[in-house]
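Undergrad: The following block contains the structure, expressed as structure tokens.
No value in this document is a laboratory result; all are computed from the given coordinates. Note that the coordinates shown come from a computational prediction; the quantities given were computed from them, not determined experimentally. Here the Cβ is made from the backbone with ideal geometry for all residues, glycine too, and neighbour counts use every protein chain on show.
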Amino acid sequence: MSTKETKTSSEQEDSARSLLFLLAGEQYGLDLAWVEEVFDLADGLVPVLGAPFWMGGVVNHHGQVLPVLDAARLLGLNLKERAQQALLLTVSGQRMALAVEQVTGVEVVSGSSRGPRGTLRAWHRGRILTLLRPEAIEKAIESRLTQRRPA
């Protein structure tokens, strides 16, 4: 096997189809294998009294009531726009919706390196793309749940 073939094989292992979306005006991605569905939040989001600030509320999605987590607030980002869409995920055995500003597409992303808060960073189409992993989402939820609310 030639060096070129080995490199191509290695690049393919490091490449994944990612769902790209906006959070706080920045481009993010999540491995497409983790996303069950994308749906519009429209008027279906119901706030939950006393819920943490990073929980957007709940939504009735195909007859199932799902928690909706505001991805930007969960990750400590400054909101630019109200979330318009949600990604249906299963994290730690729990189905949930992750609210994002807007889904921008599906693309193959490769060559990632470690970023902050359990994320990965990749140079994609001339700019840095932050790739979220389900473990990073789970860790952010755990971190937020253990924080004390200001008195």
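Undergrad: In nanometres, what is the gap between the two model label sites at D43 and T104, each 7 Å from Cα along Cα-to-Cβ?
TA: Each label point is offset 7 Å from its Cα along the Cβ direction, giving 3.1 nm.
Undergrad: Can you sort H124, H62 so the residue with the fewest Cβ neighbours within 10 Å comes first? Walk me through the numbers on the way to the answer.
TA: Working: H124 19, H62 8.
Ascending Cβ contact count within 10 Å gives the list H62, H124.
Undergrad: Fewest first, what order do R125, R95 take by the number of other Cβ atoms within 10 Å?
TA: By the 10 Å Cβ count, ascending, the order reads R125, R95.
Undergrad: Give me the Debye-computed log₁₀ of I(q)/I(0) at q = 0.11, 0.13 Å⁻¹ for the range 18-146, equal point scatterers on Cα only, no solvent, two decimals.
TA: Reported log10 I(q)/I(0), two decimals: -0.35, -0.49.
Undergrad: Taking the beta-carbon count within 10 Å as an exposure proxy, list F53, F39 from fewest neighbours to most. Walk me through the numbers on the way to the answer.
TA: Values: F53 10, F39 16.
In increasing order of surrounding Cβ atoms, one gets F53, F39.
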